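Asker: Below are the structure tokens for one structure; questions will follow.
None of the figures in this text is laboratory data; all of them are computed from the coordinates on show. All values reported here derive from a predicted model rather than from experimental measurement. We place every Cβ from the backbone using ideal geometry, glycine too, and count neighbours over all the protein chains shown.
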Amino acid sequence: MNYTFSSFAHGLKSSAVRDILKLTQGNSIISLAGGLPAENYFPIDAVREAFERVFAEGGKSSLQYGLTEGYSPLREAICKRMAAQGVSVKPENMLMTTGSQQAIYLLTRVYLSAGDVILVENPTYLAALQIFKASGIQVVGVEADQDGMLMDDLEAKLNRYRPKMVYVTPTFANPTGKVWSTERRKGLLAQCRSNNVLILEDDPYGEIKFDANATYPSIFSLDEHPEDSAVLYTSTFSKTVVPALRTGWIVGDSRVIAQMAKAKQAVDLHSSTLDQQALYQLLAHFDLDAHIQTIRDEYRTRMQLMKSLLQDARFSDLRWDEPQGGMFFWAMLPEGIDASELLKKAVEKGVAFVPGVDFYAENPRRNTLRLNFTHTDNASMKIGLDRLAEALVAYKQSV
Ligand code: PMP
């Protein structure tokens, strides 16, 4: 057979993260690469009990096909959680998705066509970039500082490129860990509203904040919502419960949600009935907020350990900011050091990280890297950073 693939398939670059994860699986390499939560803190008993309740209460019907929009009691429960965070939405403004990854994919399919322009933070989440680029969308990076996108560059690029959408992760971004100021959130919203540009706000990490009292208003909450909103907001239970349930959701204007539901029928009819029912039972019988607080405390401790290790003299030429939440340190090596080359040395020494290059929509900075601090226990993290320091020495000796 002469297999001839579609332009979408041709647009799919193999992801560095996936290649590295393959490399590190089943051997002694310490991986600071993936964005994985800590397995020790998975609420395994609560998940088991939730599934038992599903079978006990739902019987065979829990194994049946379900609604494309998602399991109604779960959608109502999520509306209640969002209301507790000050955002009032109705189930008809919500689509349950197979992870928030699918929400990004579905919105891209129904809202953007090949040749359209999307503005993003640069760097940004690489699996979102994959979707945009494979779909033939022109992805343009907007300049930013620690507080988020620069409003004058945003304005210039809105005028120059006439984009249809802006994709942002304003709270603990992947890979940078950055948090946008409220002023920039409002600025983005105002500019997008006046230019009729949709915002996709991706918020998988917002609840993983190290200061439980800090408030980071979602851009969605700052807009009129949900009807006629300029913002579609997506989040997930992957970081707060477990990723294996593959359950995320997206909320916004009911016309957009209805289009996405039609697209979802074409993709997978609906997300797993069983998983959604289990999540519903878990929310009803398990103190998820207390669990989230436990994770915050543990991840803060792990972040602080990585911070103290990075403060060692061996890493004195690395630049980074202390993250206030999320899962990553984003670090900058001196100009001229290629993190992809450093990775080769690191893997030889037995540690992996993600080079920053793939997170850039354009003009990649090859001297950047992302380190995950949530998945590795204290002992392994110390060994991992020792190995990273050795790799840096080996790299410098080799050039
Ligand atoms: N958005 C961002 C920024 C992410 O980092 C991730 C997962 N790493 C996702 C979306 C997708 O998460 P999920 O599909 O598990 O909900």
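Asker: Let's test the formula: R0 of 56 Å, r as the Cβ-Cβ distance of Q265 and V399. What FRET efficiency results, to the nearest 0.05?
Answerer: 0.55
Asker: How would you rank 333-345, 92-104, highest first, on the average number of other Cβ atoms within 10 Å across their residues?
Answerer: On the way: 333-345: 16.2, 92-104: 23.8.
Listed from highest to lowest mean packing, they are 92-104, 333-345.
Asker: Right, here's the next one. Students often get this wrong: which residues of the stretch 254-283 have the backbone nitrogen under 14 Å from the point 7 angstrom along Cα-to-C-beta of Q64?
Answerer: Answer for the stretch 254-283: 273-274.
Asker: Listed highest first by mean packing, meaning other Cβ atoms within 10 Å per residue, what order do 115-124, 267-276, 314-323, 350-359 come in?
Answerer: Output ranking for 115-124, 267-276, 314-323, 350-359: 350-359, 115-124, 267-276, 314-323.
Asker: How large is ³J(HN,Hα), in whole Hz, for each residue of the stretch 157-171 in order, when computed from phi with the Karplus curve 6.51 cos²θ - 1.76 cosθ + 1.60 and θ = phi - 60°, using x for Gly and Pro?
Answerer: 6, 4, 6, 6, 9, 6, x, 9, 8, 10, 10, 9, 10, x, 10
Asker: Using a 7 Å offset from Cα along Cα-Cβ at D287, what residues in the stretch 44-75 end up with backbone N under 19 Å from the label point?
Answerer: Counting backbone N atoms under 19 Å from the label point, the list is 44-50.
Asker: Please compute the Kirkwood hydrodynamic radius of the stretch 45-285 from all pairs of different C-alpha atoms, in Å with one decimal.
Answerer: After inverting the mean inverse Cα-Cα distance, the result is 18.3 Å.
Asker: So what are the ³J(HN,Hα) numbers for the stretch 313-323, from phi and the Karplus equation (6.51, -1.76, 1.60; θ = phi - 60°), rounded to whole Hz, Gly and Pro as x?
Answerer: 4, 5, 10, 5, 9, 8, 10, 7, 10, 6, x
Asker: Ok, one more. Take the chain, connect every pair of alpha-carbon atoms lying under 10 Å apart with a spring to form a Gaussian network, then pick out the residue of A114, A50, A361 with the largest mean-square fluctuation.
Answerer: Top of the fluctuation ranking is A114.
Asker: In what sequence, highest mean first, do 144-156, 225-237, 51-63 appear when ranked by Cβ atoms within 10 angstrom? It would help to have the intermediate numbers written out before the result.
Answerer: On the way: 144-156: 16.3, 225-237: 23.0, 51-63: 13.8.
Per-residue Cβ counts within 10 Å, averaged per peptide and sorted highest first, yield 225-237, 144-156, 51-63.
Asker: I've got another one for you. Suppose every K and R has +1 on its Cβ and every D and E has -1 on its Cβ; what is the size of the dipole of the stretch 298-370 about the Cα centre, in Debye to the nearest 20? All intermediate terms of the calculation are to be shown ahead of the outcome.
Answerer: Details: 11 positive and 11 negative charges, 43 e Å.
It works out to roughly 200 debye.
Asker: Take the Cα atoms of the stretch 1-144, build their convex hull, and give its volume per residue in Å³. Walk me through the intermediate numbers first.
Answerer: Values: hull volume 34.3 nm³, N = 144.
That works out to 238 Å³ per residue.
Asker: Efficiency by 1/(1 + (r/R0)^6): what FRET value for E224 and D312, r their Cβ-Cβ distance, R0 = 41 Å, to the nearest 0.05?
Answerer: Details: r = 49 Å, r/R0 = 1.21.
Working from the Cβ atoms, E equals 0.25.
Asker: Please compute the length gained on full extension between E341 and D145, using 0.36 nm multiplied by the number of residues separating them and subtracting their Cα-Cα distance. Present the calculation step by step, with values, prior to reporting the outcome.
Answerer: Working: separation 196, 0.36 × 196 = 70.56 nm, distance 2.69 nm.
Residue separation times 0.36 nm, minus the Cα-Cα distance, leaves 67.9 nm.
Asker: Let me ask another. Please list, in chain and number order, the residues 5+ apart from S31 or on another chain whose amide H is under 5 Å from its amide H, with Hs placed from the backbone.
Answerer: Under 5 Å from the amide H of S31 lie the amide H atoms of A352, each far enough along the sequence or on another chain.
Asker: Can you work out the FRET efficiency for the pair E39 and I383, with r the C-beta to C-beta distance and R0 = 25 Å, to the nearest 0.05? Spell out each step's value before the answer.
Answerer: Values: r = 18 Å, r/R0 = 0.73.
It comes to 0.85.
Asker: Then there's this: From the backbone phi of the stretch 140-145, what are the Karplus-calculated ³J(HN,Hα) couplings (6.51 cos²θ - 1.76 cosθ + 1.60, θ = phi - 60°) in whole Hz, Gly and Pro given as x?
Answerer: Working through the residues one at a time gives 10, x, 9, 5, 8, 10 Hz.
Asker: For the stretch 359-399, build the convex hull from the C-alpha positions and give me its volume per residue in Å³. Walk me through the numbers on the way to the answer.
Answerer: Values: hull volume 2.9 nm³, N = 41.
Roughly 70 Å³ of hull volume per residue.
Asker: In addition: Relative to the Cα centre, what is the charge dipole magnitude of the stretch 45-285, using +1 at the beta carbon of each Lys and Arg, -1 at the beta carbon of each Asp and Glu, and rounding to the nearest 20 debye?
Answerer: Working: 24 positive and 28 negative charges, 105 e Å.
About 500 debye.
Asker: Show that you can apply the helix-only estimate: for the chain, add -39,500 (n - 2.57) for every DSSP H stretch of four or more residues, divide by all residues, and state [θ] at 222 nm to the nearest 500.
Answerer: On the way: 14 runs with 169 residues, N = 399.
Counting only the DSSP helices, I get -13000 deg cm²/dmol.
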